[in-house]
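Here's the structure we're looking at; comments come further down.
The values are calculated or read from the model by the stated rules, or taken from the named source; none is laboratory data. Model, not experiment: these values are computed from the prediction. Heads up, the Cβs are rebuilt from the backbone with ideal geometry, glycines too, and the neighbour counts pull from every protein chain shown. Areas reflect the complete protein model, heavy atoms only, side chains present, ligands, DNA and RNA absent. Shrake-Rupley method; radii C 1.70, N 1.55, O 1.52, S 1.80 Å.
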Amino acid sequence: MAVTLMNPSGLPQIPVYRQVSIATGSKLVFVAGQVAWDAEGATVGAGDLAAQVEQSYLNVGTALAAAGATFDDVVKLTVYVVDWTPDKMPLFLEGVARAAAQLGTTPMAPGTLIGLATLDVPDHLVEVEATALLD
């Protein structure tokens, strides 16, 4: 494995999150921010945060697969959420869980969640980008 994820002692032990990613390898994969578009460019789940998180993560999975990678190779995720407030976390986690069920893995790399006013298309509620490392 090119990526080892961990929660070191002395930092919060959050079950669905890892604080540190240790990467060794030679091929970096950068996935541009993925939104809730289907293959034809239609927005999936307009107004539904969980559905859009799910689709965005599935799109990241598709992009990773095209590079020969999976979420197990992801070193870092950055997630942008429109009008983020902490009370949206259950919907966010529901979307991640639904994507994980389809992907067969839980995307748990260290990450940053950033709240913002808007994305490129008014119907988009979330955008997910990833960096992965392959041996």
> Quick one: which of THR78, THR106, THR118 is open to solvent by 40 Å² or more (accessible area, probe 1.4 Å), hydroxyl-bearing (Ser, Thr, Tyr) and under 21 Å from VAL29 (Cβ atoms)?
Replying inline: THR106
> When you scan segment 1-72 for strands (runs of 3 or more DSSP E) that lie fully inside it, which ones turn up with 1 or more residues that are at pLDDT 95 or above?
Replying inline: 27-34
>> Of the conditions (1) modelled with pLDDT of 95 or more; (2) assigned to a strand (DSSP E or B), LEU133 satisfies every one except a single condition; which number is it?
In response: (1)
> Is there a residue in segment 11-33 that is buried (at least 21 other Cβ atoms within 10 Å of the Cβ) and aliphatic (A, V, I, L, M)?
Replying inline: yes
